[in-house]
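Here is the structure we will look at.
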């Protein structure tokens, strides 16, 4: 599903573009705009689950003192709480609350993940031991394996300091390897590049993790600061989650939309960033940047919630069909209209007659398996090919029945058992040629050409009643429309002594049904 709001290249364009697009849509197509922005009836739209990534990290430029950052009074938990409140107020979404998210991250998903975490921690420990014994190549191998396994498990979010420690140790190992190979400048430069990358990733994993510059050599401190400054100098610093990390985290939290926010602080102030991962589209929505000179909890919360509201307005509302299992639930009557084609097994003609007409039936569900049916059909019995049926016969059929059904997927199979009431107009039939010429009237053309009364079958209009059985099925086309097929038959027994000219009807109905 693709959003209709185009990605913006700047904070101004994104802030302005999405509301303008929505406003224009509301003016030009009010129905479509209301469908996008307003809650729909239950069953017409599916609530998408949203999770907020906790905690909100703040990436501070190295060398800044707490007084220079202006972040001393910024309460990060209050910011994530504000984002959650914003999600709760939107009727299109359901929130994965903080406690639920914490529980899903607290335990491994299965025994396999438990094993991976154990191997990851053991590899990290071995890497540190190899580093202390100056077995640098073995240390790199163990630490890289540990980091790879940590990224595959919950440790990336449940224990970010451990992940940052592994990256930090790996950076120190690469620096030591570069120092040991000073005679090969090219190799030393390659190792230094690996070291700076490891410093960057460790800082991204846990920016709040303390770093005591007095504990490390000057080369390590300078390499770390250089790596961080290189990252911050990028036009779009890669401080948030990667696509792979967002995909894994959304799957673990059971969220279709993942909201993450972070702050970047330098000597000019703080810039808050907000971004939403759409798991269904497997992409990030356009990032929003919010520049605050001296952020406070209130101003930062207001800016983030407004940005989240603008971003969610660019997420299309997903219309979904009603659950097929509930489509025949009580309170949702079903109406079907269908042309009918059939015949009478018991008839005065030698050849088959063709009955054509139109029928309508209404079903009121009592439970998901049972319902009450009332149906009616107007049919015309056409003349047979030999003309034994002198004139067409008009019939009206009404019935009531109990319907029993089941729903395998998009299909609905059912059987109707009930009572049928049939009205038949006057029936005129004969097998005499001259009676056919006279259209069923007594006539004498000459002594050899005449229509005797005993050659005529003439039955006055009558009512008949009897049991009815129908079998059929329905295919769900969308939320409310169905394609229906039904075959039915009846046997008339009332009045008992009646001489019925037409009996045992069979008919097939193929039509369209509507579920209210």
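Return yes or no: is residue 188 in a helix (DSSP H, G or I), without any contact (Cβ under 8 Å) to a residue 24 or more places away in the chain, more than 30 Å from residue 101 (Cα to Cα) and in the same structural domain as residue 103 (by TED's automatic domain parsing)? Spelling it out, residue 188 is indeed in a helix (DSSP H, G or I), without any contact (Cβ under 8 Å) to a residue 24 or more places away in the chain, more than 30 Å from residue 101 (Cα to Cα) and in the same structural domain as residue 103 (by TED's automatic domain parsing). Within the stretch 191-206, does at least one residue satisfy the condition of being part of a loop (DSSP other than H, G, I, E, B), under 28 Å from residue 285 (Cβ atoms) and assigned by TED's automatic domain parsing to the domain that holds residue 278? Within the stretch 191-206, one or more residues are part of a loop (DSSP other than H, G, I, E, B), under 28 Å from residue 285 (Cβ atoms) and assigned by TED's automatic domain parsing to the domain that holds residue 278. Restricting attention to the stretch 101-112, the residues that are assigned to a helix (DSSP H, G or I), touching a helix residue (DSSP H, G or I) at 6+ places or on another chain (Cβ under 8 Å) and without any contact (Cβ under 8 Å) to a residue 60 or more places away in the chain total 1. Here 487, 470, 474, 465 are screened, and the one residue that is in a strand (DSSP E or B), without any contact (Cβ under 8 Å) to a residue 40 or more places away in the chain, closer than 30 Å to residue 413 by Cβ and assigned by TED's automatic domain parsing to the domain that holds residue 423 is 487. For the stretch 82-99, taking the residues that are without any contact (Cβ under 8 Å) to a residue 60 or more places away in the chain and in a helix (DSSP H, G or I), the one that is farthest from residue 258 (Cα to Cα) is identified as 99. Would you pick out the residues in the stretch 398-438 that are assigned to a strand (DSSP E or B), in contact (Cβ under 8 Å) with a residue 60 or more places away in the chain and under 23 Å from residue 372 (Cβ atoms)? Of everything in the stretch 398-438, those that are assigned to a strand (DSSP E or B), in contact (Cβ under 8 Å) with a residue 60 or more places away in the chain and under 23 Å from residue 372 (Cβ atoms) turn out to be 399, 401, 405, 411, 412, 413, 414, 416, 420, 422.
For every residue, the table says whether it meets (1) part of a helix (DSSP H, G or I); (2) assigned by TED's automatic domain parsing to the domain that holds residue 57; (3) out of contact with any strand residue (DSSP E or B) (no Cβ under 7 Å at 6 or more places or on another chain); (4) over 20 Å from residue 130 (Cβ atoms).
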site: 175; (1), (2), (3), (4): yes, yes, yes, no
site: 210; (1), (2), (3), (4): no, yes, yes, yes
site: 226; (1), (2), (3), (4): yes, yes, yes, yes
site: 230; (1), (2), (3), (4): yes, yes, yes, yes
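Just one residue in the set 481, 496 is under 20 Å from residue 424 (Cβ atoms) and surrounded by fewer than 19 Cβ atoms within 10 Å (Cβ to Cβ); that residue is 496.
Among the residues of the stretch 499-516, those that are surrounded by fewer than 16 Cβ atoms within 10 Å (Cβ to Cβ) and either in contact (Cβ under 8 Å) with a residue 60 or more places away in the chain or under 22 Å from residue 378 (Cβ atoms) (or both) comprise 504, 506, 508, 510, 512, 514, 516. Is it true that residue 179 is under 25 Å from residue 250 (Cα atoms), surrounded by fewer than 19 Cβ atoms within 10 Å (Cβ to Cβ) and out of contact with any helix residue (DSSP H, G or I) (no Cβ under 6 Å at 6 or more places or on another chain)? Spelling it out, it is not the case that residue 179 is under 25 Å from residue 250 (Cα atoms), surrounded by fewer than 19 Cβ atoms within 10 Å (Cβ to Cβ) and out of contact with any helix residue (DSSP H, G or I) (no Cβ under 6 Å at 6 or more places or on another chain). Of the residues making up the stretch 129-164, just one is over 23 Å from residue 243 (Cβ atoms), touching a residue at least 12 places away in the same chain (Cβ under 8 Å) and assigned to a loop (DSSP other than H, G, I, E, B), namely 134. Entry remark, the stretch 138-176: residues being surrounded by fewer than 16 Cβ atoms within 10 Å (Cβ to Cβ) and within 21 Å of residue 225 (Cα to Cα) number 1 in total.
Taking the stretch 288-316, which residues are in a loop (DSSP other than H, G, I, E, B) and over 18 Å from the mean Cα position of the chain (by Cα)? If the condition is that a residue be in a loop (DSSP other than H, G, I, E, B) and over 18 Å from the mean Cα position of the chain (by Cα), then 293, 294, 295, 296 are the ones that fit.
Only residues that are touching a strand residue (DSSP E or B) at 6+ places or on another chain (Cβ under 9 Å) and at pLDDT below 85: list them for the stretch 69-92, please. The answer is 69, 70, 71, 74, 76.
Answer with yes or no whether residue 364 is more than 19 Å from residue 503 (Cβ to Cβ), at pLDDT 95 or above, out of contact with any helix residue (DSSP H, G or I) (no Cβ under 8 Å at 6 or more places or on another chain) and in a strand (DSSP E or B). So residue 364 fails the test. None of 253, 241, 231, 285 is under 37 Å from the mean Cα position of the chain (by Cα), within 24 Å of residue 194 (Cβ to Cβ) and surrounded by 17 or more Cβ atoms within 10 Å (Cβ to Cβ) except 241. If you scan the stretch 439-462, which residues turn out to be assigned to a strand (DSSP E or B) and either in contact (Cβ under 8 Å) with a residue 60 or more places away in the chain or over 60 Å from the mean Cα position of the chain (by Cα) (or both)? Correct list: 443, 444, 445, 446, 449, 450, 451, 456, 457, 458, 459.
To keep it simple, each residue is scored yes or no on (1) at positive phi; (2) surrounded by 14 or more Cβ atoms within 10 Å (Cβ to Cβ); (3) modelled with pLDDT of 90 or more.
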residue: 310; (1), (2), (3): no, yes, yes
residue: 318; (1), (2), (3): no, no, no
residue: 322; (1), (2), (3): no, yes, no
residue: 327; (1), (2), (3): no, yes, no
residue: 331; (1), (2), (3): yes, no, no
residue: 340; (1), (2), (3): no, yes, yes
residue: 343; (1), (2), (3): no, yes, yes
residue: 347; (1), (2), (3): no, yes, no
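The values are calculated or read from the model by the stated rules, or taken from the named source; none is laboratory data. For clarity, every value in this text was computed on a predicted model and none was experimentally measured. Cβ sites come from the backbone with ideal geometry, for glycine too, and all protein chains shown count toward neighbours.
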